[in-house]
Amino acid sequence: MNNNPSENNLHLNVMTPVNLSPMPSDDGREPLLLITGGSRGIGAATARLAAQAGWHVALTYVSDAASAGAVVDDVRALGRRARAWPLDVADEAQVLAVCAEIDDWAGAEGLQWRGLVNNAGVVDRAQRCDEMSGERLRRMVGINLLGAMYVAREAVRRLSTRHGGAGGSIVNLSSVAARLGAAGQYVDYAATKAGLDIWTQGLAREVAAEGVRVNSVRPGIIDTEIHASGGQPDRAWQLAPQIPMQRPGTAEEIAQTLVWLLSPQASYTTAAIVEVTGGR
Ligand code: NAP
């Protein structure tokens, strides 16, 4: 331990540029990132930032092909390859089929799958548990938990060195609701995200020696269209006074953390749950 303050300050003043580029492959293939739900919000912001860092991008959407196409155009404008697929992650057969198509595309383009942002997710109307239908609960678990598990499994089958992959990074989109519980809003949503967090931690330990890192990011209140889809378009700013930083976050602020976790800069970070909440 160096107790000399002037030397410590000197150390802190050294500017080390942060390089968020993905890990290069040994065989010259370039890194491919899959982002589910990449047509808007956090997924779209991540596609754009990841492309700036050097990733080629496969993204999926469920209904909004036009928005997905606009994100593809933006990624291509940055000099990376990109393509979008329609995919309902709750449908296991669709997940298998789309991942096989991504394999074919990646092979033809000289790309190698090295990253996954498991981002697709939904909320629902604010309701108490005793008002929730079985259909709502099955949809919530099907998309947010089972869907994320299907896609993560397919990623492990391709990234893990056990399966001949070159390793990589998986980031699951959780939520601070996994800690807070979202009482009176959507406790079902909170439960799926809490389940996803323990999936992250168990899976991370399962594949840690196979070159694959797995982490969760828990955003707080982020200003995206997800709140309108839950019937509360102004929710992000209405809740601002409850956030220590007095404002919702932006999709770009979450993307920064996601792209860091994908990069070799996070090479010793696995099984982590990273909160990005403005202090909430
Ligand atoms: P968003 O703006 O509503 O975007 C959701 C994305 O997921 C869209 O691309 C949508 O596709 C896609 N999607 C919806 N249902 C799907 C399904 N069944 N299968 C595949 N894709 C589907 O959401 P966001 O705010 O960016 O949130 C992204 C992730 O962060 C979610 O997992 C969410 O739970 C989490 N999160 C968000 C917040 C927040 O405050 N925004 C906070 C904590 C956690 P289409 O465009 O085609 O509909």
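Before moving on, here are some points about what is shown:
- Those residues of segment 164-212 which are farther than 20 Å from V141 by Cβ and in a helix (DSSP H, G or I), in sequence order: A204, R205, E206, V207, A208, A209, E210
- Criterion: at negative phi and either modelled with pLDDT under 95 or surrounded by fewer than 16 Cβ atoms within 10 Å (Cβ to Cβ) (or both) - qualifying residue of A77, A90, A68, A58: A77
- Tally of residues being on the phi < 0 side of the Ramachandran plot and more than 12 Å from the ligand (Cβ to nearest atom) across segment 207-239: 10
Residue-by-condition table, conditions (1) within 9 Å of the ligand (Cβ to nearest atom); (2) among the aromatic types (F, W, Y); (3) under 21 Å from P264 (Cβ atoms):
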position	(1), (2), (3)
S25	no, no, yes
E30	no, no, yes
Y61	yes, yes, no
D88	yes, no, no
C99	no, no, no
I102	no, no, no
A126	no, no, no
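- Which listed residue is out of contact with any helix residue (DSSP H, G or I) (no Cβ under 9 Å at 6 or more places or on another chain), over 25 Å from S175 (Cα atoms) and within 14 Å of the ligand (Cβ to nearest atom), from A66, A70, A108: A66
- Selection from segment 170-203 of residues that are among the basic types (K, R) and surrounded by fewer than 21 Cβ atoms within 10 Å (Cβ to Cβ): R179
- Check on A51, aliphatic (A, V, I, L, M), closer than 24 Å to T257 by Cβ, surrounded by 22 or more Cβ atoms within 10 Å (Cβ to Cβ) and within 15 Å of the ligand (Cβ to nearest atom): no
- Strands (runs of 3 or more DSSP E) (entirely within segment 38-126) containing at least 1 residues that are β-branched (V, I, T): 56-61, 111-118
- Taking the listed residues A166, A155, A177, the one that is touching a residue at least 12 places away in the same chain (Cβ under 8 Å) and over 22 Å from V212 (Cα atoms) is A177, with no other qualifying.
The values are calculated or read from the model by the stated rules, or taken from the named source; none is laboratory data. Keep in mind it's a predicted model, so treat the numbers as computed, not measured. Here the Cβ is made from the backbone with ideal geometry for all residues, glycine too, and neighbour counts use every protein chain on show.
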